[in-house]
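Taking it in order: structure first as structure tokens, then the write-up.
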Amino acid sequence: MPKEGYKLSVTPTLITVTASQPNGFFYGVQTIYQLLPPAVYGKELKKKADWSVPAVEIEDAPRFVHRGLMLDVCRHYAPIEYIYKFIDLLAMNKMNVFHWHLTDDQGWRIEIKRYPELTAVGSIRKATVVRKEWGTYDGTPYGGFYTQDEIRDVVNYAAERFITVIPEIEMPGHSEEVLAVYPHLSCAGKPHVYDDFCIGNDATFEFLENVLEEVMELFPSEYIHVGGDEATKKGWPTCPKCRARMQREGLKDVDELQSYLIHRIERFLNAHGRRLLGWDEILDGGLAPGATVMSWRGTEGGLKAIRAGQQAVFVPGEFCYLDYTQDAPFTQPVSYTHLTL
């Protein structure tokens, strides 16, 4: 049978699960849970007969190798107890990837021993948007982060349920929380001007590699997600260090400058036995040779990667993002967009 496949047979006297791999058996058991009546999970369970499941013959195997869900804990910090609940729900639905979005402009959520200021300062924002009109804030500091011990426990908990945790460490954009703490890594040399790293600065790569070394110690996943999306690139054209880097490396524009960073970080990850995963903007300026594209701006980015002989994960926003308004906007809490799915 396929690696994650199983067969489930339920007769009046016997339930049999057959599989060729442990995760196949695990998914067969999840299906048995799904066949149980809802009363099993509530206080109203009173009789042994309530535990019956229908007689079925099921042969099942996943269509996709990568079946995951991303949780953004930067915009909205999730307590560690919720993380475990989230993993349980992934397991129940036979998903095998927990994509943990751990860094962004609104907060750095992972403890890095070498840079304690990332969580002491960078994990806390001054206020939160409270109305649908962007720019209206509540004035209350907000934040939180996960210790390395907590992360190790989460990774082990997920692995017991055949779920791989893939961390996302954003670069070069979506990094204002880092630059607020270490402004010398910004083209401006001061915080809250740009949210992109200065790619011309060698200190940027020293910082990123030091962070990734600790990340890789915590996460055994084959892939490390490096973001790569929505870099504004505003400071790079006039930054002396970036211009010097472009001249030395023969880079014709800022897209190729971003591509330089992605290629360099990919080589670093490869040297540590890992692979790079990034949003489809990593295609801009030339795709790194072994990178996998996560296509969120529609499907074209993923198709382009496949045509180039590389792998892709398709997560087109119009179908896969849940941060849209779910009903008439005036009846809903603040969301990413007023558009409805």
Could you grab me the full set of residues in the range 303-341 that are modelled with pLDDT under 85, more than 22 Å from Q106 (Cα to Cα) and not polar (S, T, N, Q)?
D327, A328, P329, F330, L339, L341
A careful count of residues in the range 179-204 that are open to solvent by less than 40 Å² (accessible area, probe 1.4 Å) and over 22 Å from Q106 (Cα atoms) gives 3
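When you go through E300, E281, E256 one by one, which is the residue that is buried (at least 17 other Cβ atoms within 10 Å of the Cβ) and either at negative phi or not aliphatic (A, V, I, L, M) (or both)?
Just a single option satisfies the conditions, and that option is E281.
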Name, by its number, the condition in (1) buried (at least 19 other Cβ atoms within 10 Å of the Cβ); (2) in contact with a helix residue (DSSP H, G or I) (Cβ under 7 Å, 6 or more places away or on another chain) that does not hold for R114.
(1)
In the range 303-341, the residues that are closer than 30 Å to N270 by Cβ, open to solvent by 70 Å² or more (accessible area, probe 1.4 Å) and touching an Asp or Glu at 6+ places or on another chain (Cβ under 9 Å):
K304
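So is E230 open to solvent by 50 Å² or more (accessible area, probe 1.4 Å), within 23 Å of the chain's Cα centre (by Cα), modelled with pLDDT of 95 or more and of a type in the set (D, E, K, R) or not? Talk me through it step by step, then tell me what you get.
On the way: open to solvent by 50 Å² or more (accessible area, probe 1.4 Å): yes; within 23 Å of the chain's Cα centre (by Cα): yes; modelled with pLDDT of 95 or more: yes; of a type in the set (D, E, K, R): yes.
Yes, satisfied.
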Exception for E168 within (1) under 18 Å from M294 (Cα atoms); (2) surrounded by fewer than 21 Cβ atoms within 10 Å (Cβ to Cβ); (3) out of contact with any Pro (no Cβ under 9 Å at 6 or more places or on another chain) falls at (2)
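Could you say which residue among G273, G290, G250 is in contact with a helix residue (DSSP H, G or I) (Cβ under 7 Å, 6 or more places away or on another chain), surrounded by fewer than 16 Cβ atoms within 10 Å (Cβ to Cβ) and either among the small types (G, A, S) or touching a residue at least 12 places away in the same chain (Cβ under 8 Å) (or both)?
Numbers: G273 fails: in contact with a helix residue (DSSP H, G or I) (Cβ under 7 Å, 6 or more places away or on another chain); G250 fails: in contact with a helix residue (DSSP H, G or I) (Cβ under 7 Å, 6 or more places away or on another chain).
The match here is G290.
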Which condition number does G235 fail, the rest of (1) open to solvent by 10 Å² or more (accessible area, probe 1.4 Å); (2) small (G, A, S); (3) over 25 Å from F98 (Cβ atoms) being met?
(1)
Out of all the residues in the range 24-33, is one or more modelled with pLDDT under 95, over 27 Å from V155 (Cα atoms) and surrounded by fewer than 18 Cβ atoms within 10 Å (Cβ to Cβ)?
no
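The values are calculated or read from the model by the stated rules, or taken from the named source; none is laboratory data. Because the structure is predicted, anything quoted here is derived from the model rather than measured. Here the Cβ is made from the backbone with ideal geometry for all residues, glycine too, and neighbour counts use every protein chain on show. Note: accessible area is taken over every heavy atom of the protein model, side chains too, but ligands, DNA and RNA are not part of it. Shrake-Rupley method; radii C 1.70, N 1.55, O 1.52, S 1.80 Å.
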